[in-house]
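Nothing in this text is a laboratory measurement; each read-out follows from the coordinates by a stated rule. Quick caveat, the model's predicted, so the values are computed rather than measured. Don't worry about glycine lacking a Cβ; one is built from the backbone with ideal geometry, like all the others, and counts go over all protein chains shown.
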Ligand code: HEM
């Protein structure tokens, strides 16, 4: 997984919980915390950090993933050249489609070792988007947060229902309702 996800995560921990908690979490995870945004790392290391942050703060891991996704959205968006046609969307639903059709495709082209998730679109009306999230990384709660962050960026509010389609959570149905 791209290092930017790790560096963003560590920044979020430091700014929300402080350096001491970050140090405790790194120590508990047996992790030296040396990540660069352009490097590639095993995603299990991120899972470990999230689990230990959850233990240290007593906040459920799912909630931490959601907050992380919501915060990281704007920072990921900033990595795309602002003139790029990719950024030109005027709604959350349109942007999610851009992510699947262009942004994650470009990520894969730029970094062949990256494995962004796949979205399978099932139906869309003006106020409701139904799609399946698919990823061996099983980070649907990060996806939940990213969609929240995306909606906020477009000044929209969404209510998201999630339904696991298998036990591991590698396939999850998302029903996104505009409020
Ligand atoms: C609504 C917006 C977005 C959603 C829902 C979304 C969803 C996700 C999720 C859930 C992951 C975690 C890995 C996984 O579950 O397999 C991920 C990874 C990633 N996303 Fe997105 N994303 C969004 C926008 C963006 C944007 C704007 C960028 C900008 C470049 C981006 C670039 C990446 C990168 C680099 C990774 C790491 C992939 C890897 O290293 O394997 N995403 N995305």
Taking the number of other C-beta atoms within 10 Å as the exposure measure, put 141, 44 in order starting with the fewest.
44, 141
Burial-style ranking of 64-76, 111-123, average other-beta-carbon count within 10 Å with highest first, yields 64-76, 111-123
Treat the count of other C-beta atoms within 10 Å as a stand-in for reagent exposure and order 179, 47 from fewest to most.
179, 47
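Please give the FRET efficiency for residue 108 paired with residue 59, using the beta carbon to beta carbon distance and R0 = 35 Å, rounded to the nearest 0.05. Show your work: numbers first, answer last.
Numbers: r = 32 Å, r/R0 = 0.92.
Efficiency computed from Cβ-Cβ geometry: 0.65.
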Cα long-axis angle, helix 140-153 against the chain (0 to 90 degrees, to the nearest 10):
60 degrees
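Extension gain residue 136-residue 51, at 0.36 nm per residue separation less the Cα-Cα distance, in nm?
Contour length minus Cα-Cα distance gives 28.8 nm.
What percentage of all Cα-Cα pairs in the chain are separated by more than 19 Å?
58 percent
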Taking the Cα centroid of the stretch 103-179 and of the stretch 9-48, what is the distance between the two, rounded to the nearest whole Å?
24 Å
Quick check: the angle from helix 43-57's long axis to the longest principal axis of the chain, C-alpha only, nearest 10 degrees?
70 degrees
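For a footprinting-style exposure proxy, rank 124, 157 by other Cβ within 10 Å, fewest first.
Numbers: 124 15, 157 12.
So the ranking, lowest neighbour count to highest, is 157, 124.
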Please list, by residue number, everything in the stretch 8-25 whose backbone N is under 18 Å from a paramagnetic label point 7 Å out along Cα→Cβ of residue 42.
none
